[in-house]
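The values are calculated or read from the model by the stated rules, or taken from the named source; none is laboratory data. If you're wondering where the values come from, they're calculated on a predicted model, not measured in any experiment. Here the Cβ is made from the backbone with ideal geometry for all residues, glycine too, and neighbour counts use every protein chain on show.
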Amino acid sequence: MTVTNKYVVSGSFNMVFLLLSVQSITTVGFLQLFKFLNLIKFRDYNQEEAKKWLPITVFLVAMIYTGSKALQFLPIPVYTIFKNMTIIFIAYGEVLWFGGNVTPMMMVSFGLMTLSSIIAGGNDVSMALGSIFQPYTSSGDINTSITMLGYFWMCFNCVSSAAFVLYMRKRIKLTNFKDFDTVYYNNLLSIPLLIVPSLLLEDWSNENLLINFPPGQRKVRIWAMIFSGASAFGMSYASAWCVRTTSSTTYSMVGSLNKLPIAVSGIVFFGDPATFSNITAIFTGFVAGIVYSFAKAYPSVFLGSRPNSPSVSSASSQSYSDANKYDEKSREP
């Protein structure tokens with residue numbers, strides 16, 4: 001989906017709200033079709049539930065829109081580095097709101113994943129840093145390869161992504177939403193939030209439509225938008241399932257790890273160069289996934305060997321632990 005969005009918004013395309021509207025409408029269409037065929041079940045629309053779910057949809061729209069705008073100005077490797085760093089914010093958000101904890105092993109995995117992105121996008125990262133410290137070219141023109149506007153959108157994307165994932169997990173627990181319920185409300189409520197700004201803020205003149213959908217690329221671009229909508233349907237369901245059954249941090253970590261098989265398939269099937277940096281980045285990413293899996297499956301192993309090792313936990317989880325200890329002591333003869 002990231003690659004498809006990058007293809008659509010690259011160049012002169014400036015109707016991002018329209019693209020996002022197509023994705024949400026396509027997802028709702030798939031849901032209604034599958035429900036009509038008795039393939040899936042989800043609860044009907046309820047006004048009270050919609051009001052409670054609306055803030056999540058606002059964060060979702062902000063996350064997708066700012067992500068699309070960031071991709072418009074930033075290369076995918078730089079975009080991926082920032083997305084991987086967002087995992088750290090989400091992990092500490094779980095510490096504050098859900099009584100989770102962040103062990104040193106988890107921090108190592110976060111660092112390795114970010115390092116993997118930096119290695120893979122070394123050229124793009126150096127070009128991005130160069131555009132910051134050298135905003136003008138040798139001829140005196142503004143360096144437009146990477147603009148600060150891209151970083152502006154990327155920062156907002158990191159904040160909205162963390163807010164969306166964390167608040168959605170909380171609301172799923174409170175409302176007992178199933179996976180397709182979450183997908184349905186997320187996309188249905190986002191449609192008016194996307195169509196209205198598209199009609200009010202985007203240029204729907206014939207001239208601009210020709211710029212966004214040039215005759216030579218019109219069919220390809222329209223099909224790419226529909227394909228991105230189909231991808232959004234699958235991603236929405238997988239996201240809802242992962243957040244509900246695991247944790248917000250695991251969901252974000254999986255989102256980073258799923259880029260590694262794509263990189264491998266590009267080398268094996270599509271002739272991408274198997275350079276030292278690419279192989280090193282893929283290997284580092286897989287190591288990060290193994291370290292994170294080990295940290296989640298055996299959280300006490302690393303801390304058990306070093307009793308004084310600090311793991312970050314919230315006040316709520318610490319209070320719960322202290323209460324259990326007090327209860328055990330009170331039962332002792």
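Just a few scattered comments:
- Selection within segment 215-234 - free of Cβ contacts under 8 Å to residues at least 12 places away in the same chain and within 19 Å of the chain's Cα centre (by Cα): 234
- Listed conditions (1) at pLDDT 85 or above; (2) under 14 Å from residue 25 (Cα atoms) are all met by residue 228, apart from (1).
- Test for residue 309: is it modelled with pLDDT under 65, among the hydroxyl-bearing types (Ser, Thr, Tyr), surrounded by fewer than 16 Cβ atoms within 10 Å (Cβ to Cβ) and touching a helix residue (DSSP H, G or I) at 6+ places or on another chain (Cβ under 6 Å): yes
- Given (1) aliphatic (A, V, I, L, M); (2) farther than 23 Å from residue 174 by Cβ; (3) modelled with pLDDT under 85, index of the condition residue 33 fails: (3)
- Condition check for residue 56: in a helix (DSSP H, G or I) and either over 15 Å from residue 179 (Cβ atoms) or of a type outside the set (D, E, K, R) (or both): yes
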